Amino acid sequence: MTRRLALLYGIAAAALAAAPFLAGLSADGRYWIEVLNNVGLYALLALSLNVVLGDAGLYNMGHAAFYAVGAYCTAILNTRLGVPVLWTLPLAALTAAVFAVLVARPVVHLRGDYLLIVTIGMGEIVRIALVNDLFGLTGGANGLIGVARPSLLGHRIHRPEEFFYLIWGAVALTVLLFHRLARSRFGRALNYLREDEVAAEGSGVPTARYRLMVFALGAAWAGMTGTLFAAKMTSISPESFGVGESVQLFCMVILGGAGSIPGVVAGAAMLTGLSEIFRGFASARMLVVGAAMVLMMAVRPQGLFPVHLPRFRTADLPALAPSTPEPKALV
C-alpha cells in the first residue's frame, strides 16, 4: 500500500468516524446513517465479488446466492436454535464457501460469458428454492422474521449509529486483508488467471484449484455480509437476493474499477447514493442510475479508480556489460 493510498484511507476513515455526529445535527440524520449502513453492506459485497471478478477475471452474476446462503444460515440458527448472531459469522462463511465449491466444481472449466450465464441460473435456482420453503426451513416467500440483534462484549447493538461502526469496521478490516491478499502469492496467481489463463497454467499455476479457492473465498465473505444484513434487518425474504442484486454488485465492481479496492468501495457508494438521492422519482430513479452508468462507461470505461499496472522501461533494466569483439581467425 502506497503512502498516497494510506493517506486517502486515513482521510476516509476520519470522515466516516465523524459522520454519525455530523448526521445527528440534521433532522433526517438517522435516515442518512441508514443510507451509509447500506453503502457499507454493499461495499462488503462488492469487495467479495471483486476478488472473483476483478482479481481472477471470472464472470459471476450469481453472487447474491452466496449472500442469501449466509443470511439464511444466520436466521435459521438464531430463530430455531437460539445461536447468538455474531457466533454464526464463521458458520455462515463456511456454509457459503462449501455451497460455492459444490456449485462451481462442475462448471469451473467454463470461461467468459458461458460462466456468466451459468452463474445467473445458479442465482435464480437459489432464489426459487428459498421461495419454495426448502426443507421447511426458509419460510417460503414470507421469509424468516425475528432475528435477534447482535451483542458485542455484553452490549446489544440496535441503534443505527451502532450498526454503522460495526459495518464500517468490517469494511475497514476487509480492505486491509484484501490489500494483503493482493500482494500475496495467492493474489498474484489470481492476476495471472485474469491476464492469461493458458500462460498461467503453462507456468505451473493449478488454475482449476485456484478458481475453486477464489469462488469459496468470495462466497465466504458474502456469507458473512449476509449475517450482518440479517442482524440489521431482523427479517429476510427471497426478494432481497434476486438476480437484480447480483447485477447491481456486478455494476459496482465494473464502475469502480475491476481489481481496484478503493474503486470498488467508491462504486458501491456511487450507485447506492444515486439510488437514494433519486428515490423520490420512484421507478424513474433506475433510469437515472442507468444513464449515469452509460455516461461513465463512455467517458471513463476503466472505472473510477482503475488498477495501475507496473510499467517497465528500458532504463529500469540492468546495464549489460559491453560486448567484446570476437577475435579474428588467424590465417
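Read the figures in this text as sums done on the coordinates, not as results from a lab. Computed from a predicted model, the values in this text were never measured in an experiment. Cβ placement follows ideal geometry from the backbone for every residue including glycine, while neighbour counts extend to all protein chains displayed.
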Open item on the list: Please state the shape class of the stretch 105-172: rounded when a/c is under 1.5, otherwise prolate if a/b exceeds b/c and oblate if not, all from the C-alpha gyration tensor.
Closed with: oblate
Task: Dipole axis of the chain (+1 Lys, Arg; -1 Asp, Glu on Cβ), positive-most option in 277, 101, 189 - done: 189
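Which loop trypsin sites (Lys or Arg not before Pro) in the stretch 154-246, with loop taken from DSSP, have no more than 12 other Cβ atoms within 10 angstrom of their Cβ? Intermediate values should be presented prior to the final figure.
On the way: sites: 156, 180, 183, 185, 188, 194, 209, 211, 232; in loops: 183.
Answer by residue number: 183.
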- [ ] With a 10 Å radius around each residue's Cβ, average the other Cβ atoms per peptide and rank 92-100, 79-87, highest first.
- [x] 92-100, 79-87
Open item on the list: At R0 = 22 Å, how high is the FRET efficiency between residue 292 and residue 124 if r is their beta carbon distance? Nearest 0.05 is fine.
Closed with: 0.25
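Helix-derived [θ] at 222 nm for the chain: sum -39500 (n - 2.57) over DSSP H runs of at least 4, divide by residue count, nearest 500?
-21500 deg cm²/dmol
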Task: Full-extension gain in nm, residue 81 to residue 30, via 0.36 nm per residue minus C-alpha separation - done: 15.1 nm
Open item on the list: Can you give me the distance in nm between label points at residue 183 and residue 101, each placed 7 Å from the Cα along the Cα-to-Cβ direction?
Closed with: 2.9
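Compare the peptides 293-302, 38-47 by average per-residue count of other Cβ atoms within 10 angstrom and give them in order, highest first.
Sorting 293-302, 38-47 by mean packing, highest first, produces 38-47, 293-302.
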Open item on the list: To the nearest 20 Debye, how big is the dipole of the chain about its Cα centre, given +1 on the beta carbon of each Lys and Arg and -1 on that of each Asp and Glu?
Closed with: 600
Task: Rounded if a/c under 1.5, otherwise prolate or oblate - the stretch 12-242, Cα gyration tensor axes - done: oblate
